[in-house]
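Let me begin by presenting the structure, written as structure tokens, before commenting on it.
The values are calculated or read from the model by the stated rules, or taken from the named source; none is laboratory data. In this text, all values refer to a predicted model and were calculated from it rather than measured experimentally. FYI the Cβ positions are ideal-geometry reconstructions off the backbone, even for glycines, and counts take in every protein chain you see.
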């Protein structure tokens, strides 16, 4: 089936008991066994749940993978990946990584003897050059949060394969609509379901997708052991979100491209970062491996931090809020919000200035959004 059909239908079929076109919510903790040692495929919801299984099959279908594990959050999925490692193992990670991921790696996993080296993965040679004798994993986010750096996934995939390393790719910003890393050699794909995949600011969730049955079994065992499972209701809501994912992403992209070009031409804006713009240093790579550019824009104003604050405090339609990827447009100050725990010197070293503004463009009318920004610019 084509992607759009997969997005709507997944691998589900009408409920065999009632014919319900939408999967039921199996809001249960446990299941009655037919007899000792004989169940109907489910015994306890921490291990598995029919609604969660339906979501997992749906996600695997649209990502082009064989297996999926849905988690209580994207960070629970990331943490489970870390539990594939042991004391003394080393990870090569892209330098511009989500603040929550950086917190997990730098403040928690280092306590257990896992080592990290951060490189600008826009140059794939940097990834190759950081590999050590104890390296076990390459961790890539593309496009990154918040600098929207783009990594050549195929090039890094070849590096991972040649060294026998686990290759994990977080493409929360792109979604399977625009990028499917398994096609470029990734072993595990990470998504925050909180963002575009559910798409309506109504839940927290995460997912890992893989084609490797051995990895799948290990990750399922980790999830069962720690209990990082989403509720059946959150799974059901995410299934509903997936059915309109392709339509929403088209509108996010359409709106974001218009706004990025508007910002690029604005006299009060010093820098616009958007992979869909020809000015993006990795535009050609992004165009080659992505079929669209999503709704995330980062930009800086002349006047730096104070100018950025005035803009963010002056918008009315754009909502000043954490998170991204929902139908509503949200504006964020990463240095004090999503990436507040990343040391300032580290941010500045990779080009992440104090005044950086991140815009998650929603599906409202683009002219209204531009008018809102234009009004706010008058206060800057």
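Among the residues of this structure, residue 142 does not count as one that is surrounded by fewer than 18 Cβ atoms within 10 Å (Cβ to Cβ), touching a strand residue (DSSP E or B) at 6+ places or on another chain (Cβ under 9 Å) and either touching a residue at least 24 places away in the same chain (Cβ under 8 Å) or under 26 Å from residue 218 (Cα atoms) (or both). For segment 354-379, a residue qualifies if it is in a loop (DSSP other than H, G, I, E, B), crowded, with 19+ Cβ neighbours inside 10 Å and modelled with pLDDT under 95, and the qualifying residues are 355, 356.
Go through the residues of segment 302-313 one by one and say whether even a single one is closer than 30 Å to residue 182 by Cα, in contact (Cβ under 8 Å) with a residue 60 or more places away in the chain and surrounded by 20 or more Cβ atoms within 10 Å (Cβ to Cβ). Within segment 302-313, not a single residue is closer than 30 Å to residue 182 by Cα, in contact (Cβ under 8 Å) with a residue 60 or more places away in the chain and surrounded by 20 or more Cβ atoms within 10 Å (Cβ to Cβ).
Summed over segment 281-309, residues that are in contact with a helix residue (DSSP H, G or I) (Cβ under 8 Å, 6 or more places away or on another chain) and under 25 Å from residue 364 (Cα atoms) total 11. Considered as a group, the residues in segment 109-121 that are part of a helix (DSSP H, G or I) and in contact (Cβ under 8 Å) with a residue 24 or more places away in the chain include one that is nearest to residue 78 (Cα to Cα), and that residue is 109. Of the helices (runs of 4 or more DSSP H) lying entirely inside segment 245-326, the ones with 3 or more residues being touching a strand residue (DSSP E or B) at 6+ places or on another chain (Cβ under 7 Å) are found at 245-264, 304-314. Scanning segment 183-199 for residues that are touching a strand residue (DSSP E or B) at 6+ places or on another chain (Cβ under 8 Å) and under 25 Å from residue 236 (Cα atoms) yields 188, 189, 190, 191, 192, 193, 194, 197.
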